[in-house]
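Just below is one structure, and these are the notes that go with it.
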Amino acid sequence: MTLMDTVVGTALMLVVFLGIFAAFQLSVDVVLNSKARAGAIALANERMEYIRSLTYAQVGTVGGIPAGIIPQTETVVLNGVSYTRRTFIQYADDSGDGLGGADTNSITADYKALRSDVYWTSRGTERHITVLSRMSPGGNGIETAVPGGTLTLNVVNSSSQPVSNAQIHVVNSGTTPASLAIDFTTYTNVNGTASFIGATTTGAYQITVTKTDYSSDQTYGVTAQNTSPSPAHLIVFPNQTKTWQFGIDVLAQKTINTWTPILPATWTDTFTDSSKIASSATTTVASGVVRLTGSAGSYPATGDLQSIAIAPTTLSKWKSFSASTSTPAQTSILFRFYDGSGTTLIPDSAIPGNSAGIGTSTISLLNVSTTTYPSIRVASILTSASPSVTPSIDSYTISYDYGPNPLPNVVFTLVGAKTIGTGPSGTQYKYSTSQNSGAGASVVLPNMEWDTYEFKSSGSVYDIASACHGVLESPQLLDTSTKFSLVAGSQTVSDIYLVAHSSHALAVDVRSAATGSFIPYATVRLYKTGYDTTQTADRCGQTIFSSLSSGTYTLVVSASGYSTSTNGSMSVSGTTRSSVLLN
C-alpha cells in the first residue's frame, strides 16, 4: 500500500507541475512574441515615416515599378530579433475619377499604394505584420501622367477561374537607362490580377508565375533551341496597356506501369512418356499414344487416366480443349474436367455435360472461372465393347491466355501537348521527359501539370499493344490510346502493354460509333493470302498484330450487340494504328 501511495502521489505531482511548467512556458512565449510583434510594428512604421519624408518622385523601390531609392528587401536586427522587412510600392487607379478606360482625365496613376511587410520567426513559425498606406502627388495634389504604359497580368486555373495570391516575378534587365533595371516579386489580388502602371517601354519583361503546390507558367526568351518562343517576353508600348494571361493549377501525380500484354499459350501432352499423367488404370502409354492395356483379343472393357494439374502462371482466361483421338467401331472416349486437386468435378454450368463425360474432341472452357479454378485436370475414360479393338489418344491440348506480367526497365518518353515555341528541331514542348520504369516496372511522376500527354516507347525495342488510363484510388477505364488527359490535382495510373518491336504491325482499337467509348473483348480478324489470324481485344478494347509483312489486309471486327465492320483495304506499313467504330 505504501508503494502504491507513493506511485499515485508522484503521478499527481507530475501532472500538477508539468501543467504549471507548460503554462509558464506558454506565458514566456506569449511575452516574447508580443515583444517581437511590437518590434515589427515599430519597423513597419519607421519605414512608412521614412517614405513620407521623401518627395513624391522619390517614392519607389530599387528594381520596382515605379523605380525609387527604397530597397525592396532588407534584414534588420532589433532587440535580439532578426526581421525581414519588405517594401512594395505601385501606382494605383482611384475609382473616384473612373477606372481604366473610364478614367475622366485618362490618367490612371492617381496615387502610390504603399505596403510594408515585416517577417520574423517565433517557435519555428514564420509570422508577419503588414502596414498599408498611400501617397498622393505633391503640390496641388492633382495626379499627372507618368511615362510608360501599363502591364496587366491575369492568372487563371485550368477552369479559367482567377487564382489569387499567385506569386509573380517580374524582371526587365534591358531598360534604358540600365540603372532602372526591374526585378521584383508581387502577388495577384482576389481577381487573379496584378497591374503595373508606369511600366517602362524599354526592354522586355520576363514573367514567371508560381504558387505553392501549383504548376508554373512563364514567358520565354530566344535560345538556340527555341528561336521563336511563345509566349515571348512581354513588351509594353507607350500609353498602352499590355495584358497577358497565365495558367497555373494544382499539381497532379501520374503512375505509369509497364506490362507484357495478355498472350495466348497452350499446354499439350503428346504422350511421349507418362510425365504428364498423374494416375491411370488399365491404360498404357507407348509410342506417343495412350490406349487400353493389353493386345488385340485381350483389351479390357474400360480404362482411364488423369493428367497432372495444369496451372499456368498469371492465368488470364481458360479458352478451349482439343484432342486428337482414334475411336474404331465399338469404342468411345469421354473427357471430364476436375479442379486442380483432381477430386472435384467442374460443374455443368461451366462445362455443359461435364458430369456425364463429353465425347467430342473440341470443348469450350470459356466459362470456367480462373478465380475458382486456377488449375484444372483432364480425365479421359476409354471404353471398348470388343476385346479386339481399343480407342486411343494421340495428344490433347489446353489453350489459355496468360498475363499481363510486369515488364521492367522500359525506356519511354512522355510529351505534353502544351508548347513554348519552335526551333530548328521543330516544336518545343513545355513538358518532355525520358523515363525508365525500372526494376519494379513502375514509375511515379509527381508534380505534373494538367495537360494532354502522349506516351512514346522506344520504337526499336517495343511497340505499344494497348494502354489503359484510370484513377489511382479506384481504377477505371478512361481512355485506351497512347494519349491521356491529366486533370489538375488528380492521381491517376496508366497501364501500358508492350510487345517486341517488329518492322510491320497493326494496332487496332475498337470503339462505339454512338458514344466513342471503347468496346472490350471484341473479336478482331486480320487476313490476306498466306495469313489469317483472329485475336480478342483486351479489356481496354485494343489488340495488336505483330510480325506482319507490309501489304493490304482485310480487317473484320465484331462484338456482341454491335454490327460487324469489314475493311478490305487495310494498308499496313511500319507500325500502323486503326480505330474501328462499331454501330
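Between the beta carbons of His501 and Ser395, assuming R0 = 35 Å, the FRET efficiency works out to 0.55 to the nearest 0.05. With the simple spin-label model, which puts each label point 7 Å out from Cα in the Cβ direction, the Thr266 to Asp29 separation comes to 7.5 nm. Between Val77 and Leu99, the simple label model (points 7 Å from Cα in the Cβ direction) yields a spacing of 4.6 nm. Under 28 Å of direct C-alpha separation, and excluding same-chain neighbours fewer than eight residues apart, Lys242 reaches these lysines: Lys112, Lys211, Lys418, Lys430. Taking 24 Å as the straight-line reach from the Cα of Lys319, the lysines in range (excluding those fewer than 8 positions away in the same chain) are Lys276.
Each of Tyr111 and Asn405 was given a label point 7 Å from its Cα along the Cα-to-Cβ line. The distance between the two points is 7.7 nm.
Between segment 307-358 and segment 490-553, the alpha-carbon centres lie 31 Å apart. For Val410, nonlocal amide neighbours, meaning residues 5 or more places apart or on other chains whose placed amide H falls under 5 Å from its own, are Ser437, Gly438.
What you get for the chain, charging only the Cβ of Lys and Arg (+1) and of Asp and Glu (-1), is a dipole of about 380 debye around the Cα centre.
Taking a Cβ cut-off of under 11 Å around Val250, the surrounding Lys, Arg, Asp and Glu residues balance to a net charge of -2, with basic ones at +1 and acidic ones at -1.
Of Ala514, Thr575, Gly403, which is farthest along the charge dipole of the chain in the positive direction, counting Lys and Arg as +1 and Asp and Glu as -1 at C-beta? Positive-end residue among those listed: Thr575. Here, the chain yields an orientationally averaged convex hull projection of 49.4 nm² when only Cα atoms define the hull.
Positive contributions from Lys and Arg (+1) and negative ones from Asp and Glu (-1), summed over other residues with Cβ under 13 Å from the Cβ of Trp120, come out at +4.
Label segment 150-229 by shape, choosing from rounded, prolate and oblate, from the square roots a ≥ b ≥ c of the eigenvalues of the Cα gyration tensor; if a/c is under 1.5 it is rounded, and otherwise prolate applies when a/b is larger than b/c, oblate when it is not.
Oblate.
First select every other residue whose beta carbon is under 13 angstrom from the beta carbon of Gly288; then total the charges, Lys and Arg +1, Asp and Glu -1. Within the 13 Å Cβ shell, the charges total -1. Applied to segment 302-309, the Karplus parametrisation 6.51 cos²θ - 1.76 cosθ + 1.60 on θ = phi - 60° returns per-residue 3J(HN,Hα) values of 8, x, 8, 8, 10, 6, 5, 5 Hz, with x for Gly and Pro.
I'd like the distance between the alpha-carbon centres of segment 162-216 and segment 32-89, rounded to an integer number of Å. Using only Cα atoms to place each centre, the spacing works out to 21 Å. Relative to the longest principal axis of the chain, what angle (0 to 90°, nearest 10) does the C-alpha long axis of helix 2-52 take? For 2-52 against the chain, the angle is about 50 degrees. Residue order for Leu498, Leu14, Leu3, fewest other beta carbons within 10 angstrom first, comes to Leu3, Leu14, Leu498. In the chain, helices alone account for a calculated mean residue ellipticity at 222 nm of -3500 deg cm²/dmol, with every DSSP H run of four or more residues adding -39,500 (n - 2.57). Of the Cα atoms belonging to segment 26-135, the radius of gyration and Dmax stand at 17.0, 57 Å.
Laboratory data are not the source of any read-out in this text; all were calculated from the coordinates shown. The structure presented is a predicted model; accordingly, all values stated were derived computationally and were not measured. Neighbour counts are summed over all protein chains in view; Cβ atoms, including those assigned to glycine, are modelled from backbone coordinates with ideal geometry.
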